[in-house]
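The block underneath contains the structure these notes are about, expressed in structure tokens.
Every read-out reported here was derived from the displayed coordinates using simple, explicitly stated rules and does not represent laboratory data. The model shown is predicted, which means the values in this text are computed figures rather than measured ones. Don't worry about glycine lacking a Cβ; one is built from the backbone with ideal geometry, like all the others, and counts go over all protein chains shown.
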Amino acid sequence: MVDVWQTLLDFGAVILGVILGFEFDRLRDKKTIEAEAIEFLTLVSYELNENLNTLTQVRDELRKQAYMPFFGLQKGIWSGLISRITLVKNDGLRRKILVAYSKFDMYERTLGRYLEICYILTTEPSGSERIRHLTDEINNLRGSIIAQLEQKPDGVLEYLPGVIADTKTEIARLKDC
């Protein structure tokens, strides 16, 4: 009878060892995913902050002069956003980050058209009737860019600080886990 109890005890120990092994493996995977999420969110926060500073400069330059030098946004995270956004488990923050990058995309498209018209304008002969039309279009696009940046409550300059703060809060929460 002692052999039966010893066998059951050994069997129970093996089962417990397997369960503990799976649990430790799950915890290690969870920590790895959290570390990747922290790294991703740290990069997102940095990029959003840099783009916020750039867009503030863009707005200031557009207010001062009719033409502005090109200000490009940082796009390091943008290019890999779709593949890495799933690291963010907070649905609200994930949505806000995607909205922020869609606002960047809209800005870049408008800016691209603005710069295209500026270039065309430089190639037009002076005194051309088309210059007035192009100048009007540039002014409209300039107003459109400023509106995208400042529009209440969804303008980029007003929206980004909240996303940056939420990102930093999520990073702190993940580090505390």
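Brief remarks on what is shown
- Within segment 113-124, if we keep just the residues that are of a type outside the set (V, I, T) and surrounded by 11 or more Cβ atoms within 10 Å (Cβ to Cβ), the residue that is farthest from the chain's Cα centre (by Cα) turns out to be E124.
- Search result, residues across segment 147-177 that are under 17 Å from R59 (Cα atoms), part of a helix (DSSP H, G or I) and not hydroxyl-bearing (S, T, Y): A147, Q148, L149, E150, V156, L157, E158, L160, P161
- Any chance D10 is part of a helix (DSSP H, G or I) and either over 30 Å from D176 (Cβ atoms) or touching a Cys at 6+ places or on another chain (Cβ under 6 Å) (or both): yes
- Of the residues T86, T110, T42, the single one that is touching a residue at least 40 places away in the same chain (Cβ under 8 Å) and out of contact with any Pro (no Cβ under 9 Å at 6 or more places or on another chain) is T42.
- Residue that is farthest from the chain's Cα centre (by Cα), among those in segment 125-177 that are of a type in the set (D, E) and within 30 Å of V88 (Cα to Cα): D176
- Single residue of R142, R132 found to be in a helix (DSSP H, G or I), loosely packed, with under 13 Cβ neighbours inside 10 Å and basic (K, R): R132
- Residue in segment 73-91 that is nearest to T42 (Cα to Cα), counting only those that are in contact with a helix residue (DSSP H, G or I) (Cβ under 7 Å, 6 or more places away or on another chain) and part of a helix (DSSP H, G or I): I77
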